1. With charges only on Cβ, +1 for K and R and -1 for D and E, what is the dipole size of the chain about its Cα centre, in debye, rounded to 20?
2. Can you give the extra length, in nm with one decimal, that the chain gains between Arg172 and Glu199 once fully stretched, where that is 0.36 nm per residue apart less the Cα-Cα distance?
3. Using a Gaussian network for the chain with springs between C-alpha atoms less than 10 Å apart, which of these wobbles most: Gly117, Gly11, Gly66?
4. Dividing the alpha-carbon Rg of region 13-75 by 2.2 N^0.38 Å yields what?
5. Sequence gap at least 6, Cα distance under 8 Å: using those rules, report the relative contact order of the chain to the nearest whole percent.
6. Given a 10 angstrom Cα cut-off, can you work out which residue in Lys108, Lys34, Lys94 is the most mobile in a GNM of the chain?
7. Rounded, prolate or oblate: which fits the chain, taking a ≥ b ≥ c as square roots of the Cα gyration tensor eigenvalues, rounded meaning a/c under 1.5, else prolate when a/b beats b/c?
8. With labels modelled as points extended 7 Å from the Cα through the Cβ direction, what inter-label distance (nm, one decimal) is found for Arg187 paired with Asp20?
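Bear in mind these aren't lab numbers, they're just calculated from the coordinates by the rules spelled out. Remember, it's a predicted structure, so these values are computed and weren't measured experimentally. All Cβ positions, glycine included, derive from the backbone under ideal geometry; neighbour counts span all protein chains shown.
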Amino acid sequence: MAKSSIKVEIGAKFHSSYADANPLWVVKRKVAAKAWEAVSEDIDYGGMKKLFSTKEIQSALAWEEGFRQLDREQERFYESLEIGQTVHYCNGFKQYVECVVAWLDKEKALKPVALKGNWNGWDLPRRMPDGSISHSYHADKIAKGTCWRANVSCILESPLNGYKEHTVEQVRAMPRINLEVEPLNDRQERIGQTVEVLEEAEKQITKAMEEFRVDKHVGDVKQLREKLAAFFEQQAKELRG
């Protein structure tokens, strides 16, 4: 194994796991030829002392430099994009999100506009039995126009893209998936109304039970039943009429 060129010095800062956290450590002194004492600056483990080998610190510093390099590559890639340009986010499993470059505050980001590729039925908007519409994660972002900054390793047009199932040209030629949902039918509309009634009934039951527990003068169980029966009778009339 090649020897690391990273030099460990007093004052060096690095992250290393401890208990259920990944606190920041600061090298305070050298205790042996290849051993160092570090003190945690974490909010939960501040002041905690721990011994690390030179190799452990070098490995932690190398990981952090790798992440900083990825951050720099990410910034360079986003800066190279033009507003309105089309790129594709790779979700894995031959699934792609077509996006246009847009502003998110003062940064360039991706605005999803369409799904392409091999998406499953549960990934698409669908009408639920009660008439409501269920959106998956990416379909919901498309519907709301939510921008985000995807990692460059997941963007097909990025030089750091790690997905090789399709080329940029192949994905661009793919048809967009239809995300429209069929309109409500009569049965779904009635079910939706029933669900609303049941949800309101739950609120009324909760309220009545709280009153019954808090104030003994509200009445006995018979009065509680009468209140709920009157509520359900009124709701049934509205549904029928």
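1. 900 debye
2. Working: separation 27, 0.36 × 27 = 9.72 nm, distance 4.52 nm.
Contour length minus Cα-Cα distance gives 5.2 nm.
3. So, out of Gly117, Gly11, Gly66, the one fluctuating most is Gly11.
4. In units of the globular-protein estimate, region 13-75 measures up at 1.20.
5. Values: 312 pairs, mean separation 26.8, N = 241.
Reported as a whole number, the value is 11 percent.
6. It is Lys34.
7. Working: a/c = 3.99, a/b = 1.53, b/c = 2.61.
Oblate.
8. 4.8 nm
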